[in-house]
Each structure stands twice: as C-alpha cells, then as structure tokens.
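Chemist: Quick one: the structure is below, questions incoming.
The values are calculated or read from the model by the stated rules, or taken from the named source; none is laboratory data. Because the structure is predicted, anything quoted here is derived from the model rather than measured. Neighbour counts run over all protein chains shown; Cβ positions are idealised from the backbone, glycine included. With ligands, DNA and RNA removed, areas are computed over all heavy atoms of the protein, side chains included. Shrake-Rupley method; radii C 1.70, N 1.55, O 1.52, S 1.80 Å.
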Amino acid sequence: MLTRFVGARVIDPVHATPDAVRDLYVRDGRIVSGPRDGEPVHRTWDAAGAIAMAGAIDLHTHIGGGKVNIARGLLPELGREHPLAATEVCGACTMGPAPSTLATGYRYAAMGYTACFEPAMLPVNARQAHMEMGDTPIVDKGAYAMLGNDDFLLRLLADGADRREIRDYVAWTLHATQAIAIKVVNAGGISAFKFNQRSLDVDEAHVHYGVTPRTILRELARAVHDLGVPHPLHVHSSNLGVPGNVDSTLATIDAAEGLPIHLTHLQFHSYGTEGDRRFSSAAARIAEKVNASPNVSVDVGQIMFGQTVTASGDSMLQYRNARHGRPAKWVVMDIECDAGCGVVPFRYRDRDFVNALQWAIGLELFLLIRDPWRVFLTTDHPNGGPFTSYPHLIKLLMDGSFRKDVLARINPEAAAMTALGSLEREYSLQEIAIMTRAAPARILGLEDHGHLGAGAAANIVIYEPHPDPEVMFATPRWVFKDGELVAERGEVKAVPQGAIHTVKPDFDRGIERRLKTWFEQHHTQSLASFKIDDEEVCECGRAPRLAVHACRARSS
Amino acid sequence: MSLREATCAFCGLLCDDLEVEVAGGVLRVVRGGCARSEAAFAALGEPAAPPPRIAGQAATLDAAVAAAADVLRAARRPLIGGLDVDVNGMRSTLALARRIGAVVDHADGAAKYRNLHVLQEFGGITTTFAEARNRADLVVLVGDGWSRRFPRFLERIVAPGASGAATAARRIVTVTAIDPATRMALPKGAEVLALDAPLVGLPAVCTMLQALVEGRPVQPARLAGVSQEALVRCAEWIRAARYGVVVWSAADLDWPHAELTVQAIARLVRTLNGSTRFAALPLAGTDGDLTANAVQTWQSGVPLPASYANGSVDFDPNRYALRDVLARGEADALVWVSSLSGAVPPPASGVPTIALTRADVRLGMAPSVQIPVATPGIDASGHLLRSDKVITLRLPRLRENGLPSASTVLDALLGQLEQRC
C-alpha cells in the first residue's frame with residue numbers, strides 16, 4: 001500500500017532541501033523515496049498550500065509514574081473543571097493541568113505530537129510508569145531513569161568505587177527499568193533531605209555519605225557518555241526555584257567537565273538576587289555560558305499563567321517551595337532508598353512579580369540561546385504549565401509584537417527588570433521544526449524520527465498556514481502516526497498504541513552479585529522482582545513493539 | 001511436586017519471598033508465610049475450572065458472556081463493584097465502564113476514602129517500606145491493623161537490626177491498646193512505650209501530642225484513659241526522633257468522620273517536619289483497593305468512586321459510594337468483579353447481577369450470571385500495587401487450571417456489546 005501526500009511545503013531541517021514543496025510517499029508506516037517501478041498509489045492526500053512537518057517530539061513531559069497520579073488524586077477539582085467527553089473512538093476522561101493518561105495521548109496527538117518522553121522515572125516505580133504510559137495512547141513513549149539519590153550509588157561513590165562499577169550499575173538500571181536515558185534530580189539533595197539536610201549546594205557534602213553533587217554529576221555524566229547512551233545525562237540542577245541559583249547552575253555545567261549534559265527546565269535555575277525584591281533574571285549569564293559550551297543542551301520549562309500543579313522528584317525543594325503553592329495542599333514523599341517526590345499546586349499570575357519575571361526569564365532563555373539544535377520547547381509539563389499551552393508558547397517565540405503586547409500586561413516591576421522588550425528575535429518555522437522535531441530526535445538517538453526522509457517512521461503533520469501561529473499549531477489539519485490518520489483538525493480519528501523506546505548498552509552482569517546482596521540487606525523486594533524484562537514491559541506498556549536504539553560505547 | 005518462588009497477593013505488603021509447594025496443583029506455603037497467607041493459600045484448594053452459570057445452571061463461557069451482555073443491554077444505570085482485581089483486570093473493568101456508562105467503586109471504598117479525603121483537603125508527607133526499614137529510629141503504631149491485617153509488617157519493616165543507615169536503636173510507640181499476643185510480637189531489643197489509648201480517643205490523643213510537641217500550655221492529665229507520664233514521654237520521643245514514622249490502617253478507623261483522625265496525624269507529621277524528619281506510612285493495598293484506584297485515577301484523571309454515565313467521568317464520594325448507590329435503588333444491574341481474595345461477595349441487592357469470582361467462591365443466592373475467573377498470582381500472572389503506592393509487583397502464575405482471567409472475560413463482554421449496536 002502506497003500513500004502519497006501532494007503539494008505540501010515540507011519543512012524538514014535534517015535534509016539538504018529543508019524547505020521545499022515536494023511530495024511525500026508512505027509504505028507500511030514508513031516514509032519511502034517514491035513508488036517502485038509500476039507501483040500504484042493507493043491513496044493521495046491533497047496537501048497543496050499546506051505545511052508538512054515530522055511528528056513533534058516532547059523530550060521532557062511528566063506523563064507517567066506515581067507523582068502525576070498523586071497530583072490527579074490530590075486535585076480532583078481540576079479534572080472536574082476540564083472534562084473530556086467520550087467520542088466514537090475516545091473514552092470519557094479529564095484534561096486539566098494533571099490530565100488523565102487517555103487525555104494526554106489524545107491531546108498530544110491532536111496537536112501533532114507523536115512521541116513523548118517521561119523524564120523522571122523512579123527505578124522502583126518503573127512498572128507503574130510504563131503502565132501509565134501504556135495507557136497513554138497513540139504516541140510513542142520512553143522514559144529516563146532517575147539516579148543520583150539512590151543509596152546504592154551514593155554508597156558506591158562514598159566508598160570510592162571505580163568507574164567501571166558505576167558504569168555497570170548505570171547500564172544495569174537502564175536494562176532493568178527499560179529506560180532510554182538517565183536523569184539526575186538535585187544530585188544527592190533528595191537523599192540528603194531524608195537526613196534532614198535542607199539544602200545542598202554543588203560543592204557541599206551530603207551529611208551522611210559525604211559525597212558532593214559535583215562528584216555525582218561528573219560520575220554519572222561520565223558513565224552515560226562511556227556507555228554510549230545517545231542522550232546525555234539529563235540534569236535537573238540543584239537549588240530549583242531559589243533566588244541566586246544561577247551560580248549553582250553554572251557550577252553544574254562545569255561539573256560535567258566538558259562531557260555532554262542536558263540541563264532541563266533551565267528557567268527554574270536562572271535566577272539572580274538583584275533588585276529590591278532580591279529576585280532577578282540571570283538568563284543572560286546562563287545563555288552566554290550555554291552558547292559557549294557546545295557540550296550543553298537545554299530545555300526551558302517555560303511557565304504559563306494559570307493554574308497548574310508541579311510534580312517533581314525533588315522532594316527537598318518541593319518541601320521548601322510548598323508554602324508558595326495554591327491551593328494550599330501538597331504532598332512530599334521519601335521513596336524506597338531510591339528517590340523522592342513532591343507535588344505542589346501552583347497558580348502562576350501575570351500580576352505577580354515573581355511569576356511574571358519567571359515568565360520573562362523563560363522567554364529570555366529561548367531568545368538568547370542561539371542554536372535551536374540545543375534548546376528545546378518545554379513547559380516541563382505540568383510544572384510550568386500544561387503541554388496544551390505549546391501553541392501559545394510558539395506564538396510568543398514567533399511573533400515579537402504579540403510578545404510585547406503580553407509584556408505590557410504583566411506586573412510592571414517585573415517588566416522593568418527584564419530585557420525581553422529589547423529582544424527582537426523571532427523564531428522561524430524552520431527553527432520551530434528543529435526545536436520540536438529534528439533536534440529532540442537527534443539528542444535522543446531516534447534515527448527514524450524527527451525527519452521526513454526515506455526510512456523514517458511515517459509520523460507526518462499537515463498544518464494549514466495561518467497568520468496566527470497559535471491557531472496553526474493548535475489544530476493541524478491532519479496528523480499521521482506510522483502512516484495512519486490519528487487526528488483531523490483537533491479531533492482524534494484513531495487510537496493505535498505507540499512503541500516503547502529504550503537503549504540497552506553492553507555491561508558486565510557481575511554487578512548483579514553486589515546488587516543482589518544490597519537488595520537483600522536494604523530493600524523490601526527482591527532483585528528479581530525489581531527487574532522488568534522485554535515481554536513484561538510490552539504487556540505493562542501495551543506496546544506493539546520495543547524500539548531499542550543503538551549505543552556506541554566509548555572508552556575513556 | 002515442585003517448589004516455586006511466589007509473591008503473596010493476599011495483603012497489601014505483597015511479600016515476594018514466599019516459597020510455595022505445588023503438589024497436584026494444591027499450594028502450600030513452606031517459607032515466608034504468615035497466618036493470613038497460609039490460610040489464603042490453603043483455601044484455594046485443588047485447581048478446578050467449574051463452568052459458568054446462568055441463573056444457577058451450568059453454561060458455556062460464550063453463553064454466559066452473551067447472557068451477561070443481555071443483562072447490560074437492558075440496564076440503564078449499571079454499577080460495577082468489588083474491584084478485587086489486578087492492573088489488567090482493572091483496565092478491562094474501566095473499558096467496560098466507559099462503554100456502558102457505569103458507576104464504579106471498590107468494595108472497601110469507604111475505608112480507602114478516609115485517607116484520600118485528607119489527601120484532597122490537606123495533602124501529606126509520606127514514606128515507603130524501605131525508607132522505614134532503613135531509617136526509622138521511631139515507629140509510632142496506631143490501632144492494631146499493622147499486626148492483624150498485615151501480619152509480616154513488624155518482621156519485614158520494623159524489626160531492629162533489619163539493616164541500614166540510621167538505626168542504632170529503634171523506639172516503638174503503640175498508641176492504642178493491643179492484645180497481649182500482639183505485644184509479645186513486638187521486636188525484642190526495641191524500646192517500647194505503650195499509650196494504651198482507646199481507639200476512639202485517637203483524635204484527642206493526636207491533638208494533645210501536637211500541642212505537647214509544639215510546647216503549648218496544655219494539661220495532658222485531662223485526657224481520659226491515657227497516662228499523663230506516657231503522653232509526655234511520647235511527645236519527647238517524637239521530638240527527639242531523627243526519622244519518625246507513623247503507621248495506621250484506615251480500615252481500623254471505622255467510625256463516622258474518622259478522616260478527622262487521619263487529618264490530625266497528617267497535621268502532626270507536617271508540624272514535625274519543620275524541624276526534623278517524620279513521615280506517615282498508611283497501610284492499605286489489600287484486595288486490590290489501591291490498584292483499582294490507581295488505574296482509575298491515571299486513566300480518567302479522577303479517583304474512585306466515579307460515574308461514567310452520559311459519556312463523561314465524574315468523581316463524587318458522596319453520590320457514587322457503592323453501598324449508597326445500591327441502598328438508594330440507583331442501580332439496575334450490578335457487575336461484581338472479584339478475582340483475588342473473593343472475601344467480599346456481591347451485596348444482596350435484588351438487581352440483576354453478573355459475578356466474576358474465584359472458582360472456589362460459592363454465592364448464597366445464584367446471580368443472573370456467574371463466571372469463575374483465574375486468581376492473579378495463582379492461576380494467572382498479574383500486577384498489584386503495594387501498600388506504599390510506589391512499588392508495583394509482578395505476581396507470577398503458580399499453577400494451571402484453565403480459567404480465563406477477569407480481563408479476558410470483561411474484554412469478551414465488551415466485544416459482545418460493541419458487536420450488536
């Protein structure tokens with residue numbers, strides 16, 4: 001079966017002609033260069049005058065795992081306010097800032113997203129995370145396993161374990177939890193909070209293990225790099241949300257010692273202490289450093305005005321910031337010698353000085369970081385705002401005069417403290433396509449995603465050009481997932497199940513001997529119970545297939 | 001005969017260190033057992049696959065599913081209850097609920113809601129088993145469910161010398177009066193303080209402890225039935241703890257507005273975290289209650305009990321509580337799904353009932369349709385959420401008896417309903 005898309009302006013930054021009117025051909029869910037000799041075209045989609053892009057990829061969105069489910073349970077009123085009625089193909093569920101898994105799949109797909117990555121999968125919670133992602137239909141999924149606050153690694157580091165052992169443990173974790181990358185959240189800080197330490201700077205020692213965040217960051221970045229995992233260590237830096245945290249963010253970049261790292265929700269980590277309120281933008285300093293550090297990629301974690309809920313593994317900082325939450329109810333958890341979590345609702349207001357400046361800082365980062373291949377469009381869903389606000393965010397990036405209009409309405413003190421009004425840059429469609437498609441695919445190692453060349457998955461989004469980019473990106477005319485029409489003008493048409501993306505680097509399984517003893521001495525489940533094999537993850541994740549991406553081990 | 005490693009599905013602890021002897025399909029716990037698991041495994045008996053029944057008469061599975069579909073087609077306000085199921089059982093239950101617009105609740109929904117109510121009004125600071133095992137230097141035990149309902153909790157989590165970073169000495173407070181046998185079971189070597197408060201006096205005890213911990217001018221002598229000295233000492237222990245854990249089972253707190261007691265505990269824990277570390281560890285997860293609620297919450301965005309009537313989902317603990325819906329005569333068909341312990345039969349309601357039960361369960365009155373289904377962790381593999389709501393464990397299958405899983409039957413039922421409309 002050959003399908004043809006005719007007449008669209010194809011924006012495909014990966015290829016030699018990144019912006020040209022050309023036909024696209026799809027056979028068996030894959031893009032092909034054209035018909036074989038004499039092969040008939042079974043179906044033609046007339047896309048004349050439209051814009052085609054690959055399916056979008058969200059590399060940092062909290063879609064699976066216990067903490068979002070805690071948020072749902074904590075805030076049933078948000079679900080009640082945002083019902084999503086059943087349709088011919090969709091089940092009744094709710095949207096809102098902590099959407100149901102069903103709604104997450106439906107709305108992402110309707111917006112032209114075809115792959116989403118859960119960035120904070122606690123290894124002990126991995127089964128549930130895969131189950132929730134399995135009940136997130138249509139889109140492909142993958143998850144980053146959290147390390148760096150688990151007692152096993154901290155003990156290894158405290159005992160001065162050699163790098164091979166750390167590398168084997170990192171690889172073992174990727175296999176056992178069926179993850180595609182490794183994330184570290186407030187390195188050492190979540191664990192330190194369990195010992196009543198209330199803050200932990202990059203060079204401060206963990207009160208029990210004596211290890212510093214700098215050591216944890218360096219060793220994890222090294223292990224991920226040496227194993228050849230495509231995605232660099234995904235880093236949620238120390239001191240999230242704390243005024244003056246620019247210094248620890250810059251120190252975090254240095255801790256990588258030139259190895260690749262990805263700094264996530266950078267907006268929350270770009271704060272200075274200038275001005276009467278001792279809270280200011282440090283976006284310029286951060287952007288300068290990122291521009292000068294080719295080993296660093298970032299996503300922004302833009303905040304959007306309105307009600308949302310923050311769900312983070314960073315129990316230390318969530319506890320500290322809980323007093324700012326609205327409505328005033330929140331959950332903090334210590335988790336299983338592995339990690340932690342904190343769920344705090346937030347209502348970001350444009351008339352509030354701090355919130356307004358946070359909004360401006362995010363946009364400053366977008367506009368000051370020059371290379372669209374290294375800065376990704378996220379709101380840290382749902383922490384800065386729900387993913388459904390992406391079209392609005394794209395408009396803020398593409399339309400300078402609209403940006404200035406909004407700037408004129410925010411808290412005037414905050415507006416006076418941001419350079420945003422002087423930043424004239426407007427993102428092009430090409431740059432939006434890079435930061436939402438081509439670049440996330442590349443940085444995750446998904447060779448057959450994020451582009452429209454032969455061999456790619458036939459994830460195709462057909463947009464109708466519109467003077468308002470928010471309108472254009474909110475409701476594409478057609479969204480195809482693996483060649484199947486899944487959404488049309490915002491309405492879901494079919495609900496297939498997506499694949500699970502993982503990596504499986506080589507390692508020495510001898511590490512399991514030490515882990516088995518550790519589990520017996522400290523855990524409350526056996527090592528065998530902890531591990532998730534391929535068959536089980538496909539059952540839990542309702543996945544038709546496991547997409548295992550290549551790792552190219554590097555020696556160092 | 002063979003020995004199999006097993007995970008016990010019969011309480012929320014989900015102990016995964018059992019060894020079970022399988023002889024001719026009969027199961028006997030030989031290691032890692034407790035009174036509860038040994039009885040539960042023994043009650044399973046020989047593997048059997050009794051036929052489904054339509055109004056008490058044996059029938060094929062296809063005929064039973066067709067009859068069940070007829071019941072549901074005629075129903076305008078169906079109710080799905082029980083939910084003593086594993087993850088896939090709940091996934092299929094919800095797919096059916098969405099299709100037929102059912103109200104959905106767990107058999108023990110009322111107990112579960114005591115904790116959920118406080119979460120939704122206040123929040124909480126909680127911990128998990130391995131944290132408690134490794135770090136707790138003080139364990140405050142409320143009620144006696146931690147022993148009666150979760151027999152290995154002390155052994156696996158509280159016994160000193162378990163392991164870990166923090167605990168040179170572990171202190172234990174028993175807040176409410178417990179029987180001598182339970183007291184004897186407390187770990188040797190731990191320093192124990194017994195408050196012996198009456199269970200219904202808990203709200204007052206919690207409030208008094210909060211006041212003492214905060215150093216407010218209160219008169220602990222004025223609390224009836226509790227020794228003043230013990231209360232003051234308890235407050236000192238709590239203040240001195242570096243990692244304190246307070247444990248209860250909401251099923252023990254069976255009186256009107258028991259959520260106020262849970263809230264008092266949550267408040268005390270929050271106060272303590274101003275200076276030290278302290279966390280709640282509520283025990284639950286038995287009979288699939290946490291599993292059913294978790295799957296409902298992630299798939300729909302709101303917890304149980306909920307209604308799927310009119311093509312939308314609505315959470316309302318007052319309107320959709322199972323027993324109230326039946327008592328008010330608001331259901332005209334009942335689907336009862338109970339594949340794990342089978343402890344709670346479908347309530348006598350007078351409405352046409354479709355019961356998916358364990359093979360060994362005999363119901364007093366013949367329901368419209370009864371379909372025996374496999375028990376997860378016994379006749380089929382499955383997944384359940386543990387008490388601390390973070391760990392999901394796989395329950396491997398231990399024997400073969402040819403029964404379909406609840407999920408298979410529910411999917412077939414859904415298929416029937418979708419075929420003919």
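Chemist: Compute, for A:L59, the solvent-accessible surface of its heavy atoms (probe 1.4 Å) with the complete set of protein chains present, and express it in square angstrom to the nearest 10.
Modeler: Using a 1.4 Å probe on the heavy atoms, I get roughly 0 Å².
Chemist: Between the chain alone and the structure with every protein chain in place, find the residues of segment A:320-365 that drop at least 10 Å² of accessible area; heavy atoms, 1.4 Å probe.
Modeler: With the partner chains in place, segment A:320-365 has these residues losing at least 10 Å²: A:A328, A:K329, A:W330, A:V331, A:V332, A:M333, A:D334, A:I335, A:E336, A:C337.
Chemist: Dipole magnitude of segment B:126-272 about its Cα centre, charges +1 at Lys/Arg Cβ and -1 at Asp/Glu Cβ only, in debye to the nearest 20? Display every interim value, and only then the final one.
Modeler: Working: 17 positive and 13 negative charges, 76 e Å.
So the dipole magnitude of segment B:126-272 works out to roughly 360 debye.
Chemist: Then there's this: Give me, ordered by chain and number, the residues 5 or more places off B:A197 or on other chains with an amide H under 5 Å from its own placed amide H.
Modeler: Placed amide hydrogens put B:T176, B:A177 under 5 Å from B:A197.
Chemist: Select from segment A:60-74 all residues whose loss of accessible area on going from the chain by itself to the full protein assembly reaches 20 Å² or more (probe 1.4 Å).
Modeler: Buried-area filter returns A:N69, A:R72, A:G73, A:L74.
Chemist: Whenever you get a sec, line up A:E535, B:E19 from highest to lowest accessible area (probe 1.4 Å, protein heavy atoms).
Modeler: Numbers: A:E535 150, B:E19 50 Å².
The ranking, largest first, comes out as A:E535, B:E19.
Chemist: Using modelled backbone amide H atoms (1.01 Å from N, in-plane), which distant-in-sequence or interchain residues come within less than 5 Å of A:Y113's amide H?
Modeler: Long-range HN contacts for A:Y113: A:A56.
Chemist: I would also like to ask the following. Any chance you could look up the accessible area of A:Y427 with a 1.4 Å probe, heavy atoms only, rounded to 10 Å²?
Modeler: Approximately 10 Å² for this residue.
Chemist: Using only the Cα atoms of chain A, build the gyration tensor, take square roots of its eigenvalues as a ≥ b ≥ c, and label the shape rounded, prolate or oblate: rounded if a/c is under 1.5, else prolate if a/b is larger than b/c, else oblate.
Modeler: The shape class here is oblate.
Chemist: Additional query: In peptide B:117-127, what is the residue-averaged number of other protein chain Cβ atoms found within 10 Å of each Cβ? Walk me through the numbers before you get to the answer.
Modeler: Numbers: counts 0, 1, 8, 6, 3, 5, 13, 7, 9, 7, 7.
The per-residue average across the peptide is 6.
Chemist: Right, another one. In terms of solvent-accessible area of protein heavy atoms at a 1.4 angstrom probe, what is the ranking of B:K112, B:K188, A:K493, highest value first? Walk me through the numbers on the way to the answer.
Modeler: Details: B:K112 25, B:K188 150, A:K493 85 Å².
Result of the area sort, largest leading: B:K188, A:K493, B:K112.
Chemist: Within 10 Å, count the other beta carbons around each residue, average over each peptide in A:473-484, B:278-289, and list them highest first. Intermediate values should be presented prior to the final figure.
Modeler: Details: A:473-484: 22.4, B:278-289: 25.5.
The most tightly packed comes first, giving B:278-289, A:473-484.
Chemist: Which residue, B:P78, B:G189, B:N293, has the largest displacement toward the positive end of the dipole of chain B when charges sit on each Cβ (Lys, Arg +1; Asp, Glu -1)?
Modeler: The listed residue farthest towards the positive side: B:G189.
Chemist: How far is the Cα center of segment B:214-228 from the Cα center of segment B:1-57, in Å?
Modeler: Result: 48 Å between the Cα centres.
Chemist: Could you give me the ³J(HN,Hα) list for segment B:292-308, computed from phi with Karplus coefficients 6.51, -1.76, 1.60 and θ = phi - 60°, whole Hz, x at Gly and Pro?
Modeler: Couplings: 4, 5, 5, 5, 4, 5, 6, 6, 9, x, 9, x, 8, x, 9, 10, 10 Hz.
Chemist: Per residue, how much accessible area does segment A:1-70 show when a 1.4 Å probe rolls over the protein heavy atoms, in square angstrom? List each step's numbers first, then the result.
Modeler: Values: 2890 Å² over 70 residues.
Solvent-accessible surface per residue comes out at 41 Å².
Chemist: Over both sides of the B-A contact, add up the buried accessible area with a 1.4 Å probe and give it to the nearest 100 Å². Mind dumping the intermediate values first?
Modeler: Numbers: alone 17860 and 19760 Å², together 32860 Å².
Chains B and A together bury roughly 4800 Å² of accessible area.
Chemist: Please determine, in degrees from 0 to 90 and to the nearest 10, the orientation of helix B:202-213 with respect to the longest principal axis defined by the Cα atoms of chain B, where the helix direction is its Cα long axis.
Modeler: 40
Chemist: How large is ³J(HN,Hα) for each residue in segment A:9-17, as worked out from phi by the Karplus curve 6.51 cos²θ - 1.76 cosθ + 1.60 (θ = phi - 60°), to whole Hz, x for Gly and Pro?
Modeler: 7, 8, 9, 9, x, 6, 9, 4, 10
Chemist: Share of chain A's accessible area from carbon and sulfur, percent, 1.4 Å? Don't jump to the answer; show the numbers that get you there.
Modeler: Numbers: 8480 of 17440 Å².
Accessible surface attributable to carbon and sulfur in chain A totals 49 percent.
Chemist: Would you mind giving the mean number of other chain beta-carbons within 10 Å of the Cβ of each residue in B:303-316, as a whole number? Don't skip to the end; give the middle numbers.
Modeler: Numbers: counts 6, 1, 0, 3, 1, 4, 1, 3, 7, 8, 12, 6, 7, 2.
Mean partner-chain Cβ count within 10 Å for B:303-316: 4.
Chemist: Need one value for A:192-201: mean number of C-beta atoms belonging to other chains within 10 Å of its residues' C-beta atoms.
Modeler: Numbers: counts 0, 2, 10, 6, 7, 1, 0, 0, 0, 0.
What the average comes to for A:192-201 is 3.
Chemist: At a probe size of 1.4 Å, how large is the accessible area of B:S227, to the nearest 10 Å²?
Modeler: The accessible area of B:S227 comes to roughly 60 Å².
Chemist: Taking amide H positions as placed in the peptide plane 1.01 Å from N, state which residues far from B:A280 in sequence (5 or more) or on other chains have amide H under 5 Å from it.
Modeler: Residues meeting the criterion, in which the H sits 1.01 Å from N, are B:I125, B:T126, B:T127, B:V246.
Chemist: So what's the angle, to the nearest 10 degrees on a 0 to 90 scale, between helix B:259-272 and the longest Cα principal axis of chain B?
Modeler: Taking the Cα atoms of chain B, the angle to B:259-272 is about 50 degrees.
Chemist: Calculate the dipole size of chain B relative to its Cα centre from +1 charges on Lys and Arg beta carbons and -1 charges on Asp and Glu beta carbons; express the result in debye to the nearest 20. All intermediate terms of the calculation are to be shown ahead of the outcome.
Modeler: Details: 42 positive and 40 negative charges, 130 e Å.
About 620 debye.
Chemist: Order the peptides B:333-344, B:144-155 from the highest to the lowest mean number of other Cβ atoms within 10 Å of their residues.
Modeler: Values: B:333-344: 24.7, B:144-155: 20.7.
By packing density, highest mean first, the sequence is B:333-344, B:144-155.
Chemist: Could I ask something else about it? How would A:M398, B:M1, A:M1 line up by accessible area, probe 1.4 Å, largest first?
Modeler: Working: A:M398 35, B:M1 170, A:M1 145 Å².
Listed by decreasing accessible area, they come as B:M1, A:M1, A:M398.
Chemist: Find which of B:V142, B:S227, B:A159 sits farthest along the positive direction of the dipole of segment B:126-272, computed with +1 on the beta-carbon of Lys and Arg, -1 on that of Asp and Glu, about the Cα centre.
Modeler: Farthest towards the positive pole: B:A159.
Chemist: May I pose another question? As an exercise, use a Förster radius of 56 Å and the Cβ-Cβ distance of B:A58 and B:A221 to find the FRET efficiency, rounded to the nearest 0.05.
Modeler: Details: r = 68 Å, r/R0 = 1.21.
My answer for the efficiency is 0.25.
Chemist: Taking the alpha-carbon centroid of each part, what is the distance from segment B:253-332 to segment A:1-27 in angstrom?
Modeler: 51
Chemist: Let me ask you something else. Note the angle between two axes, namely the Cα long axis of helix B:228-240 and the longest principal axis of the Cα atoms of chain B, as a number of degrees from 0 to 90, rounded to the nearest 10.
Modeler: With rounding to tens, the tilt is 80 degrees.
Chemist: What net charge is computed for the residues neighbouring B:V369, neighbours being all others with C-beta under 10 Å from the C-beta of B:V369, Lys and Arg scored +1, Asp and Glu -1? The partial results should precede the final answer.
Modeler: On the way: positive: B:R53; negative: B:D70.
Net charge in that neighbourhood comes out at 0.
Chemist: Give me the distance between the Cα centres of segment A:41-107 and segment A:438-507, rounded to whole Å.
Modeler: 14
Chemist: So what is the calculated 222 nm ellipticity per residue for chain A, using -39500 (n - 2.57) for each DSSP H run with n of 4 or more, over all residues, to the nearest 500 deg cm²/dmol? Intermediate results must be reported in sequence, preceding the final value.
Modeler: Values: 21 runs with 183 residues, N = 556.
For chain A, the value works out to -9000 deg cm²/dmol.
Chemist: Anything losing 20 Å² or more of accessible area from the isolated chain to the full protein assembly: pick those residues out of segment A:513-528, probe 1.4 Å, ligands and DNA/RNA ignored.
Modeler: A:Q521, A:H522, A:T524, A:Q525
Chemist: Explain nothing, just compute: Karplus ³J(HN,Hα) = 6.51 cos²θ - 1.76 cosθ + 1.60, θ = phi - 60°, for every residue of segment B:376-390 in order, whole Hz, x for Gly and Pro.
Modeler: Values, residue by residue: x, x, 10, 9, 8, 7, x, 9, 9, 8, 7, 3, 7, 6, 10 Hz.
Chemist: If you put +1 on each Lys and Arg Cβ and -1 on each Asp and Glu Cβ, how big is the dipole of segment B:35-171 around its Cα centre, in Debye rounded to 20? Can you show the working numbers first?
Modeler: Details: 18 positive and 13 negative charges, 59 e Å.
Computed about the Cα centre, the dipole is about 280 debye.
Chemist: Set the bar at 19 Å for Cα to Cα. Now go through A:K67/A:K329; B:K112/B:K389; A:K504/B:K389 and name every pair that lies beyond it.
Modeler: Values: A:K67/A:K329 15 Å; B:K112/B:K389 13 Å; A:K504/B:K389 28 Å.
Correct reply: A:K504/B:K389.
Chemist: Please compute the net charge surrounding B:S339, taking Lys and Arg as +1 and Asp and Glu as -1 over other residues with Cβ under 11 Å from its Cβ. Display every interim value, and only then the final one.
Modeler: Details: positive: B:R358; negative: B:D84, B:D86, B:D287, B:D379.
Result for the local shell: -3.
Chemist: Report in % the part of the accessible area of chain B that belongs to carbon and sulfur, leaving out ligands and nucleic acids; probe 1.4 Å.
Modeler: Details: 7930 of 15420 Å².
C and S fraction of accessible area: 51 percent.
Chemist: Please give the per residue accessible area of chain B, computed with a probe of 1.4 Å over protein heavy atoms only, in Å². Display every interim value, and only then the final one.
Modeler: Values: 15420 Å² over 421 residues.
That works out to 37 Å² for each residue.
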